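The values are calculated or read from the model by the stated rules, or taken from the named source; none is laboratory data. Here the structure is a predicted model, which is why all the values come from computation and not from measurement. So basically every Cβ, Gly included, is an ideal-geometry build from the backbone, and we count neighbours across all protein chains shown.
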There are 2 protein chains.
Amino acid sequence: MGEIPDSHPRKASLLARAKLTEAAREGLLAESAMIAHGRGEAFDYLLGERTSDSAKAAIKECAARLLAANNPVISMNGNTTVLAGKQAIRAAAIIGCPIEVNIYYRTPERIEKLITALESMKEEVAAEVDEKTKASVMAVEILGADADGKIDGLEGPRSICSRKGIESADVVLVPLEDGDRCEALVALDKQVLVVDLNPLSRTARTATVTIVDEVARALGEMEELLLQNPQPTDWDNQKTLREALDIISDSSKRI
Amino acid sequence: MGEIPDSHPRKASLLARAKLTEAAREGLLAESAMIAHGRGEAFDYLLGERTSDSAKAAIKECAARLLAANNPVISMNGNTTVLAGKQAIRAAAIIGCPIEVNIYYRTPERIEKLITALESMKEEVAAEVDEKTKASVMAVEILGADADGKIDGLEGPRSICSRKGIESADVVLVPLEDGDRCEALVALDKQVLVVDLNPLSRTARTATVTIVDEVARALGEMEELLLQNPQPTDWDNQKTLREALDIISDSSKRI
């Protein structure tokens with residue numbers, strides 16, 4: 001892909017695509033990753049490629065619940081790392097929580113590559129901030145290689161997690177999660193916070209709080225909101241899903 | 001991907017995904033192909049993964065216009081070849097028209113691989129039919145390697161086509177076409193018939209007739225309708241787009 005002019009109305013979308021294509025070449029992604037991203041692109045298109053007020057409320061709720069948690073963790077897969085790795089690191093530094101690399105199609109090579117990518121993003125983020133923040137950024141632990149935990153209710157490689165991370169967490173932020181895993185985590189009485197552009201997906205409908213938004217925008221917004229120290233509320237997740245569906249429904253009338 | 005049980009409600013979708021993943025490994029697809037397929041999957045999901053009555057009417061109209069054309073051609077790219085190559089060959093055999101391999105990110109290697117794939121599908125289709133049909137199947141010319149034509153109004157590799165195919169055609173069926181190329185073909189006063197799952201795309205809105213449906217279902221249905229020898233009508237393409245949008249809009253309320 002050549003240079004994309006700043007004026008291009010869909011620049012962010014084209015840049016995201018270029019990043020993923022590059023990451024796929026480097027072996028960071030599962031074969032299904034590009035298809036999943038394309039599905040997301042279509043829903044984001046219908047949502048107007050912006051963070052809705054409803055999504056912003058969900059992001060704030062997630063920020064509040066992560067701050068109030070005893071053992072929060074942010075779980076990252078291939079697409080999330082490539083698209084929003086730095087945003088996740090900045091959020092984790094504010095929350096003071098670890099990041100766990102946890103992927104559905106688990107191979108040791110991909111886990112290793114994603115951990116390396118996140119460690120190098122930590123250096124980049126640390127170079128951009130003041131001394132005090134730098135210490136909290138460098139303190140963000142990147143888990144996932146340990147593989148010493150288990151998500152009860154799942155079988156095979158999909159059940160593997162980090163004992164210090166997802167296994168012992170009470171609140172898990174898992175952007176772009178698979179439906180089965182989302183259900184298993186909810187069944188373990190964890191609060192499951194997800195980012196999913198499809199408000200009809202099983203993940204979106206199962207999660208405790210669903211952010212219907214593009215992951216880089218959502219986690220970028222979360223950084224800001226975390227600094228406002230929000231408090232958890234009595235959250236109506238069905239309402240946020242209905243609001244996202246209303247936006248899709250309206251946009252499909254814009255011809 | 002393992003065996004998919006017949007009972008799986010989304011078997012067709014999962015099989016399409018497996019076919020594309022395999023084709024990507026074999027170098028038949030551009031890097032953007034999987035993302036494009038993902039976008040299609042999302043729209044098809046919202047359309048209920050079925051051919052609507054409105055799409056069926058559009059397919060019939062395309063069948064009629066291809067039969068009535070002086071120089072019809074079916075243009076195939078990577079995704080179309082992988083997903084609906086055999087359906088296109090059967091349709092071309094009934095119409096008595098050539099198929100042109102024509103791809104947006106043109107490389108001689110991919111053109112060659114796609115032509116080889118279609119030639120081998122021709123053999124497969126010929127082996128499944130009676131003697132008379134076999135002759136018409138084997139007579140379907142696969143153009144595209146010649147590259148001796150030009151689509152006026154486009155620059156660079158995107159403008160290359162076959163003189164005997166797209167350049168001299170009055171009616172072109174181009175499933176999954178790019179917006180720029182669709183506009184250029186319409187500007188040349190050709191009838192441009194497209195298959196596009198996004199009724200809001202530039203291609204869908206520019207084409208002479210837009211089939212809002214998954215390409216394998218659409219071309220499969222076209223085979224049947226071609227045999228009924230339909231006649232062209234005074235077609236209202238805006239109406240078919242609005243009907244597709246209504247389905248999307250309704251489906252987004254199904255929570």
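Does the stretch A:58-67 include one or more residues that are within 15 Å of the chain's Cα centre (by Cα), more than 22 Å from A:M121 (Cβ to Cβ), acidic (D, E) and buried (at least 20 other Cβ atoms within 10 Å of the Cβ)? Yes, because at least one residue in the stretch A:58-67 is within 15 Å of the chain's Cα centre (by Cα), more than 22 Å from A:M121 (Cβ to Cβ), acidic (D, E) and buried (at least 20 other Cβ atoms within 10 Å of the Cβ). State whether one or more residues within the stretch B:224-233 are part of a helix (DSSP H, G or I), away from chain A (no Cβ under 14 Å), hydrophobic (A, V, I, L, M, F, W, C) and over 18 Å from B:V101 (Cα atoms). Within the stretch B:224-233, one or more residues are part of a helix (DSSP H, G or I), away from chain A (no Cβ under 14 Å), hydrophobic (A, V, I, L, M, F, W, C) and over 18 Å from B:V101 (Cα atoms). So which residues in the stretch A:14-41 are assigned to a helix (DSSP H, G or I), more than 7 Å from every other protein chain (Cβ to nearest Cβ) and closer than 13 Å to B:A24 by Cβ, if there are any at all? Within the stretch A:14-41, A:A24, A:R25, A:A33 qualify.
Take the conditions (1) of a type in the set (D, E, K, R); (2) closer than 21 Å to B:G85 by Cα; (3) modelled with pLDDT of 95 or more; B:D178 misses just one of them, which is (3). Checked against (1) under 20 Å from B:R217 (Cα atoms); (2) within 14 Å of chain A (Cβ to nearest Cβ); (3) in a helix (DSSP H, G or I), B:R90 passes all but a single condition, namely (2).
Evaluate the following for B:T240: is it touching a residue at least 60 places away in the same chain (Cβ under 8 Å), closer than 30 Å to B:S159 by Cβ, part of a helix (DSSP H, G or I) and among the β-branched types (V, I, T)? Here the answer is yes, as B:T240 does meet what is asked. Annotation note: of A:T51, A:T107, the sole residue that is of a type in the set (V, I, T), out of contact with any helix residue (DSSP H, G or I) (no Cβ under 8 Å at 6 or more places or on another chain), away from every other protein chain (no Cβ under 12 Å) and surrounded by fewer than 22 Cβ atoms within 10 Å (Cβ to Cβ) is A:T107. No other residue among A:D148, A:D178 is within 17 Å of the chain's Cα centre (by Cα) and more than 20 Å from A:A69 (Cα to Cα) apart from A:D178. The set of residues from the stretch A:42-57 being of a type in the set (S, T, N, Q), outside any helix (DSSP H, G or I) and more than 16 Å from the chain's Cα centre (by Cα) comprises just one member, A:S52.
Rundown of residues vs (1) under 17 Å from A:A30 (Cα atoms); (2) more than 18 Å from the chain's Cα centre (by Cα), yes/no style:
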| residue | (1), (2) |
| --- | --- |
| A:I89 | no, no |
| A:L114 | yes, no |
| A:E128 | no, yes |
| A:K134 | no, yes |
| A:G144 | yes, no |
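In the stretch B:240-254, is there at least one residue being of a type in the set (D, E), in contact with a helix residue (DSSP H, G or I) (Cβ under 7 Å, 6 or more places away or on another chain) and crowded, with 22+ Cβ neighbours inside 10 Å? Checked against the condition, which is being of a type in the set (D, E), in contact with a helix residue (DSSP H, G or I) (Cβ under 7 Å, 6 or more places away or on another chain) and crowded, with 22+ Cβ neighbours inside 10 Å, the stretch B:240-254 yields no hits at all. Taking A:M121 as the residue in question, decide whether it is in contact with a Lys or Arg (Cβ under 7 Å, 6 or more places away or on another chain) and in contact (Cβ under 8 Å) with a residue 24 or more places away in the chain. In short, yes. Checked against (1) of a type outside the set (A, V, I, L, M); (2) within 30 Å of B:K132 (Cβ to Cβ); (3) in a loop (DSSP other than H, G, I, E, B), B:T81 passes all but a single condition, namely (3). Scanning the stretch A:84-91 finds one or more residues that are of a type in the set (K, R) and touching an Asp or Glu at 6+ places or on another chain (Cβ under 7 Å).
Applying the criterion of at least 1 residues that are buried (at least 24 other Cβ atoms within 10 Å of the Cβ) and free of Cβ contacts under 8 Å to residues at least 40 places away in the same chain to the strands (runs of 3 or more DSSP E) found wholly in the stretch A:157-215 leaves A:191-195.
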